[in-house]
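Chemist: Quick one: the structure is below, questions incoming.
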Amino acid sequence: MNLFFQQIINGLTLGSIYGLVALGLTLVYGILHIPNFAHGALYMVGAFMSYFLMMDLGVHYWVAMAGSAAIVAILAVLCERLVFHPLRNSPPIHDKIAAIGILLFLEALVQMFWGADFRRLSSPFTGILNFDGLIIPEQRLLIIVGAFVLVAALQLFLRKTMIGATIIAMAQSRDGAFLVGIDANRVAMMTFAISGVLAAIAATLYAPINLVYPAMGHLVIMKAFVIIILGGMGSIPGAIAGGMIIGFAEAFGGFYISTAYKDIIAFGLLVVILSVRPQGLFAKGAH
Amino acid sequence: MLQLKNVDVCYGSFKALNNISMTVDTGELVVLLGANGAGKSSLFNAISGLNKPSAGDVEFEDRRLNGLKPNAIVSGGVVQCAEGRKLFPHMSVLQNLMLGAYVHRRDRAGNKQRLNEVLELFPILEDKAQQPAGSLSGGQQQMVAIGRAMMSRPRLLMLDEPSLGLAPLVVKQMFEIIKQINSLGTTVLLAEQNAFAALKIADRAYVMENGQLVMEGDQETMLGNEQVRRAYIGA
């Protein structure tokens, strides 16, 4: 029974990270219709920025996380301004090609400075909590709580503030947003900044129990795409639910079937769910 | 108040608007008649900054509008209530209305007062305030759309086919409300295919065909004009 609960913790941990990454991806897709393949690179840069701030500048884990979030937010806004904004009237394929270009560029850039080696990000939360035989490493608990707090904060921001309302308005009706005088550029920059913050925090939370290396974003972004397709492109609840589904499937599949196949499970689930519900679990626009 | 001088709008090689010159004076209710595809929406979008005119000038209160961004034009007092309503379907009626006040978001007291005025105009929206706008009937959605535009505090309100797809009784009510909005002090430019009903509340009218203005006149002349009657009223 304890092993079963252990897998629930693992599933929640994985689901939280996937959910955070997928949230940023789904926001950008839902509002700007850009499938941002470079989102995984932003995640990777987030991990490296935290690594750099902690190891080279010696700041505390929390400060590194905040710094990394700020840097990646600026980087995401720069991507929007310099790459996606000029392409806004081009055919959609141009966005996709440009996103892959950013991905390759950022990976090469990081590799130039830090090399392709695997690195370890240390965290002050190395303890292990033991609840009557149920073992939870502190970092995993932090991931679950952190993701929950972030999602709640994002919901509050989107529902209760005027800036948040403009983002949702833009997602529901672009023309309507223009008619009431919402500035599309501000919304676009804000959306990219949020996606960058989410990616950087997810990376900084997850890096201490994983490794930091230039290609670390590949599998994460593939799964994030699976998640937002599962959940319905552009749907916020869909991204969270999809993240949890993939996280749990991997944790349980890895444990009860085989760890060797855990990455296949996500893509297998995609095939199964899409053959039953081709529009995704949550219809698009269900904010 | 609003003045268009020789405005052209092109979509690629297709000229949607050809040499449009028109004026709307303060306090007027001006109707723009024309069939589907005549260019009414293109003209509205050119004024709102959603289309860029390839030639000519759009001036509002002696200020040049072409080249300004859509949000600057809304802030300037020119607000469009577009064809098809363009509401935020999953947001509540109240949220839709409050987003209409986006450009005045710092003036909370003013917005509250404005909201009361809008709800006075459309009392039924008060009961529906918490419902998603997309769940309302066509007529009620049109009220939300006009209400949202009114929340932007327009000095010139442009209504693009507000009667489209509505039941005859609701259409009648809609035109009464438009007349009321105008008599309360908002200048109105109304694009319509429903010529007879629109002309009955209008001060003046323009007729548009194939991207050009082909006729202009006050209410009486237009209602009495044989050509207008045959083409648009069917009597």
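The values are calculated or read from the model by the stated rules, or taken from the named source; none is laboratory data. All values derive from a computational prediction rather than experimental measurement. Every residue, glycine as well, gets a Cβ built from its backbone with ideal geometry; the counts of neighbours run over all protein chains shown. For the accessible areas, the whole protein counts, side chains as well, though only heavy atoms, and no ligand, DNA or RNA atoms are used. Shrake-Rupley method; radii C 1.70, N 1.55, O 1.52, S 1.80 Å.
Chemist: State all residues of region A:46-62 that are within 24 Å of residue A:221 (Cα to Cα) and among the small types (Gly, Ala, Ser); if no residue qualifies, say none.
Modeler: Result: A:46, A:47, A:50.
Chemist: Scan region B:199-233 residue by residue and report those that are among the small types (Gly, Ala, Ser), closer than 13 Å to residue B:33 by Cβ and out of contact with any strand residue (DSSP E or B) (no Cβ under 7 Å at 6 or more places or on another chain). Break it down stepwise before answering.
Modeler: First, pick out the residues of region B:199-233 that are among the small types (Gly, Ala, Ser): B:202, B:205, B:211, B:217, B:224, B:231.
Now drop any that are not closer than 13 Å to residue B:33 by Cβ, which leaves B:202, B:205, B:217, B:231.
Once the filter is applied, which keeps residues that are among the small types (Gly, Ala, Ser), closer than 13 Å to residue B:33 by Cβ and out of contact with any strand residue (DSSP E or B) (no Cβ under 7 Å at 6 or more places or on another chain), region B:199-233 yields only B:231.
Chemist: Now a separate question. Looking at (1) more than 8 Å from chain A (Cβ to nearest Cβ); (2) in contact with an Asp or Glu (Cβ under 8 Å, 6 or more places away or on another chain); (3) open to solvent by less than 10 Å² (accessible area, probe 1.4 Å), find the lone condition where residue B:122 falls short.
Modeler: Among (1) more than 8 Å from chain A (Cβ to nearest Cβ); (2) in contact with an Asp or Glu (Cβ under 8 Å, 6 or more places away or on another chain); (3) open to solvent by less than 10 Å² (accessible area, probe 1.4 Å), the lone unmet condition for residue B:122 is (2).
Chemist: To continue, here is another question. So which of B:204, B:230 ends up being at negative phi and out of contact with any Gly (no Cβ under 9 Å at 6 or more places or on another chain)?
Modeler: Numbers: B:204 fails: out of contact with any Gly (no Cβ under 9 Å at 6 or more places or on another chain).
Answer to the selection: B:230.
Chemist: Pick out the one residue from A:168, A:201, A:182 that is among the aliphatic types (A, V, I, L, M), closer than 20 Å to residue A:80 by Cβ and modelled with pLDDT of 95 or more.
Modeler: Every option except A:201 fails the conditions.
Chemist: Right, something else. Test of understanding: among A:72, A:63, which residue is open to solvent by 10 Å² or more (accessible area, probe 1.4 Å) and hydrophobic (A, V, I, L, M, F, W, C)?
Modeler: Answer to the check: A:63.
Chemist: While we're looking at this one, here's another question. Checking residue A:87 against (1) within 26 Å of residue A:18 (Cβ to Cβ); (2) without any contact (Cβ under 8 Å) to a residue 40 or more places away in the chain; (3) in contact with a helix residue (DSSP H, G or I) (Cβ under 9 Å, 6 or more places away or on another chain); (4) more than 14 Å from every other protein chain (Cβ to nearest Cβ), which test does it fail?
Modeler: (1)
Chemist: Go through region A:199-213 and count every residue that is under 10 Å from the mean Cα position of the chain (by Cα) and open to solvent by 10 Å² or more (accessible area, probe 1.4 Å).
Modeler: 1
Chemist: What number of residues within region B:73-83 are at the interface with chain A (Cβ under 8 Å from one of its Cβ atoms) and either in a loop (DSSP other than H, G, I, E, B) or open to solvent by 20 Å² or more (accessible area, probe 1.4 Å) (or both)?
Modeler: Residues that pass the stated criteria total 2.
Chemist: Picking from A:252, A:192, which residue would you name as being in contact (Cβ under 8 Å) with a residue 60 or more places away in the chain, under 27 Å from residue A:273 (Cβ atoms) and among the aromatic types (Phe, Trp, Tyr)?
Modeler: Just one listed residue meets the conditions, A:252.
Chemist: Does residue A:246 satisfy being open to solvent by 40 Å² or more (accessible area, probe 1.4 Å), closer than 24 Å to residue A:103 by Cα, more than 14 Å from chain B (Cβ to nearest Cβ) and out of contact with any His (no Cβ under 6 Å at 6 or more places or on another chain)?
Modeler: So residue A:246 fails the test.
Chemist: Conditions first: (1) under 13 Å from residue A:181 (Cα atoms); (2) at the interface with chain A (Cβ under 8 Å from one of its Cβ atoms). Residue B:90 passes all but one, so which condition is the exception?
Modeler: Of the numbered conditions (1) under 13 Å from residue A:181 (Cα atoms); (2) at the interface with chain A (Cβ under 8 Å from one of its Cβ atoms), the odd one out for residue B:90 is (1).
Chemist: Would you say residue B:170 is modelled with pLDDT of 90 or more, under 15 Å from the mean Cα position of the chain (by Cα) and among the β-branched types (Val, Ile, Thr)?
Modeler: In short, no.
Chemist: Follow-up. Restricting attention to region A:135-171, and to residues there that are closer than 22 Å to residue B:100 by Cβ and open to solvent by 30 Å² or more (accessible area, probe 1.4 Å), which single residue is nearest to the other protein chains (Cβ to nearest Cβ)?
Modeler: Top of the filtered list is A:162.
Chemist: So residue A:180 fits all but one of (1) open to solvent by 50 Å² or more (accessible area, probe 1.4 Å); (2) within 14 Å of chain B (Cβ to nearest Cβ); (3) touching a strand residue (DSSP E or B) at 6+ places or on another chain (Cβ under 9 Å); what number is the exception?
Modeler: The failed condition is (1).
Chemist: Same structure, new question: Could you list all residues from region A:166-193 that are out of contact with any helix residue (DSSP H, G or I) (no Cβ under 6 Å at 6 or more places or on another chain) and part of a helix (DSSP H, G or I)?
Modeler: Scanning region A:166-193 gives A:172, A:174, A:175, A:176, A:179, A:184, A:185, A:186, A:190.
Chemist: Follow-up question, since we're still on this one. Which condition breaks for residue B:63 when tested against (1) more than 9 Å from chain A (Cβ to nearest Cβ); (2) surrounded by 15 or more Cβ atoms within 10 Å (Cβ to Cβ); (3) on the phi < 0 side of the Ramachandran plot?
Modeler: (2)
Chemist: Please determine whether any residue of region B:90-103 is touching a residue at least 60 places away in the same chain (Cβ under 8 Å) and not in a loop (DSSP other than H, G, I, E, B).
Modeler: So far as region B:90-103 goes, no, none of its residues is touching a residue at least 60 places away in the same chain (Cβ under 8 Å) and not in a loop (DSSP other than H, G, I, E, B).
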